[in-house]
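Bear in mind these aren't lab numbers, they're just calculated from the coordinates by the rules spelled out. A quick note: this is a predicted structure, and the numbers were derived from the prediction, not measured. Here the Cβ positions follow ideal geometry from the backbone for every residue, glycine too, while neighbour counts run over all protein chains shown.
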Ligand SMILES: NC(=O)c1ccc[n+]([C@@H]2O[C@H](COP(=O)([O-])OP(=O)(O)OC[C@H]3O[C@@H](n4cnc5c(N)ncnc54)[C@H](O)[C@@H]3O)[C@@H](O)[C@H]2O)c1
């Protein structure tokens with residue numbers, strides 16, 4: 001039975017990811033500042049609810065921007081289970097604001113959680129993994145790190161930074177530890193629902209070749225693959241799971257963006 005840590009697993013992508021690993025038989029620990037949320041409207045049809053899925057996910061109240069608290073949580077998990085196989089740094093926050101209006105406190109907090117939070121958790125885990133049999137370090141980046149998405153400059157920069165961390169950790173820790181990140185496109189989670197109106201969600205769907213947001217479970221599936229022996233030759237890479245959003249040139253006419261009569 002593997003020991004798996006997922007940060008930010010009380011909600012959204014992290015919650016679906018922790019549930020996926022737990023259902024597959026792993027021992028899963030959720031490092032989150034808030035308590036686990038119940039089943040919500042973003043759950044994909046057929047997803048087992050919390051009573052079955054996250055009963056086996058243990059919540060540890062941790063702010064992942066606090067490196068000392070993160071180190072202590074990793075130590076506890078390792079001491080209790082005697083191993084540490086997979087760590088997924090997923091906790092993240094965003095604030096919608098234009099570059100002229102960004103408040104220093106917001107930008108610092110976003111950087112502390114989204115970028116330095118990944119660095120601190122990966123470092124704590126890597127110290128344990130490199131002293132033992134190795135393991136897999138994963139994180140949630142975003143397509144926002146690959147393009148200029150307006151109103152999220154600080155957030156976008158943290159996500160591009162995660163790709164740089166992925167490449168550097170992979171170089172330094174190979175072959176004992178594999179490292180990768182997943183860059184989701186638009187995913188229907190509480191984070192997305194908090195910042196987008198129904199109209200904005202529809203407009204976003206129209207610009208995604210797949211014609212819709214991802215379900216959190218579709219990102220969880222990518223993490224599950226990356227953590228599996230099937231991916232044993234994969235390290236230092238970013239896996240983009242975005243329904244085709246960033247595949248084309250921005251001025252091209254892709255099928256779903258055209259009126260039906262022109263298809
Ligand atoms: N939803 C999307 O469309 C989307 C797209 C690309 C990337 N992402 C990324 O996916 C990750 C998860 O986002 P989500 O959409 O599931 O959001 P969410 O808000 O549903 O969940 C985020 C979780 O992280 C926790 N968290 C926040 N700050 C924390 C901290 N300092 N310490 C510990 N836990 C903390 C929250 O309590 C929450 O449980 C984030 O890194 C986000 O940037 C989301």
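Summary table below
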{"read-out": "Candidate set from segment 1-36 (those that are in a strand (DSSP E or B) and touching a residue at least 60 places away in the same chain (Cβ under 8 Å)); member that is farthest from the ligand (Cβ to nearest atom)", "value": "3"}
{"read-out": "Residue in segment 174-183 that is under 23 Å from residue 62 (Cβ atoms) and in contact (Cβ under 8 Å) with a residue 60 or more places away in the chain present", "value": "no"}
{"read-out": "Where residue 168 falls short, out of the listed (1) touching a residue at least 24 places away in the same chain (Cβ under 8 Å); (2) assigned to a helix (DSSP H, G or I); (3) more than 11 Å from the ligand (Cβ to nearest atom); (4) under 15 Å from residue 139 (Cα atoms)", "value": "(1)"}
{"read-out": "Odd one out for residue 180, checked against (1) part of a strand (DSSP E or B); (2) more than 26 Å from residue 213 (Cβ to Cβ)", "value": "(2)"}
{"read-out": "Among residues of segment 77-94, those that are outside any strand (DSSP E or B) and closer than 19 Å to residue 10 by Cα, counted", "value": "6"}
{"read-out": "Count of residues meeting criterion [more than 16 Å from the ligand (Cβ to nearest atom) and touching a residue at least 60 places away in the same chain (Cβ under 8 Å)] in segment 91-143", "value": "1"}
{"read-out": "Matching residues in segment 222-244 - criterion: being crowded, with 17+ Cβ neighbours inside 10 Å and over 27 Å from residue 171 (Cβ atoms)", "value": "243"}
